[in-house]
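**Student:** Below is the structure I would like to discuss, written out as structure tokens.
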Amino acid sequence: MDEQINYNLTQLSTWKRIFFMLVFAAIGGLVRMLLWAVIILQVASTLLTGKANVNILNFGRSLSTYTYHILLFLTFNTEIMPFPFSDWNMTAELQQPESKTK
């Protein structure tokens, strides 16, 4: 048992993963603050114009999906690191609503 723990502790890949998890946890905190700004802008836009701003909607969806990617990485559900270590289009692909066929 102790040998397994020692082996796990000496794996460079584990320490790299932990480092990137800390980096993405910090990025996730910044993105969450930015999402609050988007929320406030969308509320202001709705109060002033009576409808949601499409540009803010799209940006908010993009940031929400990016947060989802970060959380997948942090919870070990994927080994693919989010942007900037992977393509932003990976985020955009998840944004597209599924087409419903009848």
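**Student:** If you stretched the chain out fully between Val31 and Thr75, how much longer would it get, using 0.36 nm times the residue separation minus the C-alpha to C-alpha distance? Show your work: numbers first, answer last.
**Tutor:** Details: separation 44, 0.36 × 44 = 15.84 nm, distance 1.73 nm.
Answer, rounded to one decimal: 14.1 nm.
**Student:** A further question on this structure: Tell me which of Asn55, Asn6, Leu71 sits at the most positive position along the dipole axis of the chain, charges placed on C-beta atoms (Lys, Arg +1; Asp, Glu -1).
**Tutor:** After comparing all options, I get Asn55.
**Student:** List the pair-distance distribution P(r) of segment 19-94, using every Cα-Cα distance, as the percent of pairs falling in each 5 Å bin from 0 up to the bin containing the longest distance, rounded to whole percents.
**Tutor:** 3, 16, 25, 21, 15, 10, 7, 3, 1
**Student:** Please tell me the relative contact order of segment 19-94 in percent, rounded to the nearest whole number, where contacts are Cα pairs under 8 Å and at least six residues apart. Present the calculation step by step, with values, prior to reporting the outcome.
**Tutor:** Details: 48 pairs, mean separation 22.0, N = 76.
This gives 29 percent for segment 19-94.
**Student:** Could you give the length gained on full extension between Thr49 and Ile18, defined as 0.36 nm per residue of separation minus the Cα-Cα distance, in nm? Please list the in-between numbers first.
**Tutor:** Values: separation 31, 0.36 × 31 = 11.16 nm, distance 4.54 nm.
Full extension of this stretch gives 6.6 nm more.
Values in this text are rule-based calculations from the coordinates and carry no lab data. From a predicted model like this one, the values you see are computed outputs, not experimental measurements. Please note: Cβ atoms are built from the backbone with ideal geometry, for glycine as well, and neighbour counts cover all protein chains shown.
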